[in-house]
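Undergrad: Can you read through this structure? Questions will come right after.
None of the figures in this text is laboratory data; all of them are computed from the coordinates on show. None of the values given here were measured: they were computed from a predicted structure.
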Amino acid sequence: MGQEMYEDALAENDKLKSRLDDSKQELTKIRTQLDKVTQEKQALEKRVTDMEEELKVLTELKSDNQRLKDENSALIRVISKLSK
């Protein structure tokens, strides 16, 4: 009777060790996926920041361009009046 209980306990122990190993492998896999997702998130956040900066510069350039167009129109009017 004692030998049978011992063998049952060993078998149960082996089964639990196997399940633990499977769980450890799954955890490693999940951690790897999490690291990958975290890196992708950081890359996307950087991309968004870069695009926001580009948009800011583009807005400033459009504003400068409009100001220069306005100044050009004013200069053309002055030259036109002077040449009459």
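Undergrad: What's the center-to-center distance, using Cα atoms, between the stretch 66-84 and the stretch 7-33 in Å?
TA: Taking the Cα centre of the stretch 7-33 as reference, the centre of the stretch 66-84 is 81 Å away.
Undergrad: Continuing with this model, one more query. Please list the three semi-axes, largest first and in whole Å, of the ellipsoid equivalent to the chain, using sqrt of 5 times the eigenvalues of its alpha carbon gyration tensor. Could the numbers behind the result be given before it?
TA: On the way: eigenvalues 1286, 5, 4 Å².
Three semi-axes, in Å: 80, 5, 4.
Undergrad: Another one. On a 0 to 90 degree scale, rounded to 10, what angle separates helix 2-82 from the longest Cα axis of the chain?
TA: Here the helix axis deviates by roughly 0 degrees.
Undergrad: Can you give me the Rg/Rh ratio for the stretch 38-84, using Cα atoms for both radii and the Kirkwood formula for Rh? Don't skip to the answer; put the middle values down first.
TA: Details: Rg = 20.3 Å, Rh = 13.5 Å.
Ratio value, two decimals: 1.50.
Undergrad: Could you work out [θ]222 nm for the chain from helices alone, using -39500 (n - 2.57) per DSSP H run of at least four and dividing by all its residues? Round to the nearest 500 deg cm²/dmol. Provide the component values of the computation, followed by the final result.
TA: Details: 1 runs with 81 residues, N = 84.
So the helix-based figure for the chain works out to -37000 deg cm²/dmol.
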